Amino acid sequence: MIKRKSKREIELMHEAGKLLANVHKELRQFIKPGVTTMEVENLVERYLAKHGATGEQKGYQGYEFTTCASINDEVCHGFPREEKLQEGDIVTVDMVVNLNGALADSAWTHPVGKISEEAERLLEVTKTSLYKSIEQAQVGNRIGDLGHAIQSYAEGEGYSVVRDFTGHGIGETIHEDPYIPHFGQAGKGARLKEGMVITIEPMINIGGYQSKMDQNNWTARTVDGSLSAQYEHTIAITKDGPLILTDQDQ
């Protein structure tokens, strides 16, 4: 069942989203060659605690960390680790913030030092595909419009769209209905209504779209070893258009 949120609930989620956005802005400065993703994890935990928030992912279905940190060919759900990031890596940091019971979810792919033109282009296309989808997050549009915007743009640029993971509704829990595929047909699926809060989080690969699961049963990576990037925002559907609750430019 799709749950629509009140104006007050959206305001509270927006506060959580602003905090989450500020964490990513901190990480822009922090992530560089020689840093470990476990140090990223620890920074995020300290930052959230300082601001009266917690990481909702920690303990979720047995997951042990506040962040996911997915490096290079890892599509999503990479574990924080002591391995040092290298010049030219890309790392996606994904987290869900709980601030006074309100949740917000956002992933961002960060370059590590100077990255290749190929990687830079992947990040640019992935981010653009997210915002093209957000443009379609209008009252009366359908869920298929969101995925179609991503797929048509990314594939038109020569990239592939991961099929195995989707966006989702978010509210009292991390994952609620509806699920938001990042591919599909325009004009299909449930209608978007005022008060819905969803995540859009395309994972775009340089090579094929197929992914495989690591032995830890959490981390997914590209089958062909190609680079993968992801950008994610939490968005409220309002009568005045999409409201990005995790906007880093506020």
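Quick look at the values:
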{"quantity": "Karplus (6.51, -1.76, 1.60) ³J(HN,Hα), θ = phi - 60°, over the stretch 142-154, in Hz, Gly and Pro reported as x", "calculated": "10, 4, x, 5, 5, x, 4, 4, 5, 4, 5, 6, 5"}
{"quantity": "Trypsin sites (Lys or Arg not before Pro) within the stretch 12-49: DSSP coil, no more than 11 neighbouring Cβ in 10 Å", "calculated": "none"}
{"quantity": "³J(HN,Hα), Karplus 6.51/-1.76/1.60, whole Hz, each residue of the stretch 9-19, x for Gly, Pro", "calculated": "4, 5, 4, 5, 5, 5, 5, 4, x, 5, 5"}
{"quantity": "Prolate/oblate/rounded label for the stretch 168-214 (Cα gyration tensor, a/c 1.5)", "calculated": "oblate"}
{"quantity": "Cβ charges +1 (Lys, Arg) and -1 (Asp, Glu), total dipole of the chain, debye", "calculated": "700 debye"}
{"quantity": "Phi-based couplings in Hz for the stretch 181-188 (Karplus 6.51, -1.76, 1.60; Gly and Pro marked x)", "calculated": "x, 9, 8, x, 9, 5, x, 10"}
{"quantity": "Candidate aspartates and glutamates - alpha carbon under 18 Å from LYS239, same-chain residues fewer than 8 apart omitted", "calculated": "GLU9, GLU11, GLU135, ASP145, GLU194"}
{"quantity": "Gyration tensor verdict on the stretch 119-197 (Cα atoms; rounded if a/c is under 1.5, prolate if a/b is larger than b/c, oblate otherwise)", "calculated": "prolate"}
{"quantity": "Stretchable slack from LYS84 to GLU194, in nm (0.36 nm times residue separation minus alpha-carbon distance)", "calculated": "35.2 nm"}
{"quantity": "Modelled FRET efficiency - R0 41 Å, LYS50 with VAL223, Cβ distances, 0.05 increments", "calculated": "0.55"}
{"quantity": "Around ASN205: net Lys/Arg minus Asp/Glu count, Cβ-Cβ under 15 Å", "calculated": "-4"}
{"quantity": "Length-normalised contact order of the chain in % [C-alpha pairs under 8 Å, at least 6 apart]", "calculated": "23 percent"}
{"quantity": "14 Å Cα-Cα reach of LYS58 towards aspartates and glutamates, excluding residues that sit fewer than 8 places from it in its own chain", "calculated": "GLU41, GLU45, ASP94, ASP105"}
{"quantity": "Cα gyration tensor shape for the stretch 38-187, rounded if a/c is under 1.5, else prolate or oblate", "calculated": "oblate"}
{"quantity": "The stretch 112-250: relative contact order in percent, alpha carbon pairs under 8 Å with at least 6 residues between", "calculated": "27 percent"}
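Every number here is computed from the coordinates shown, using simple stated rules; none is lab data. Just so it is clear, the model here is predicted, and its values are computed rather than measured. Reconstructed Cβ throughout: ideal geometry from the backbone, glycine too, with neighbour counts over all protein chains shown.
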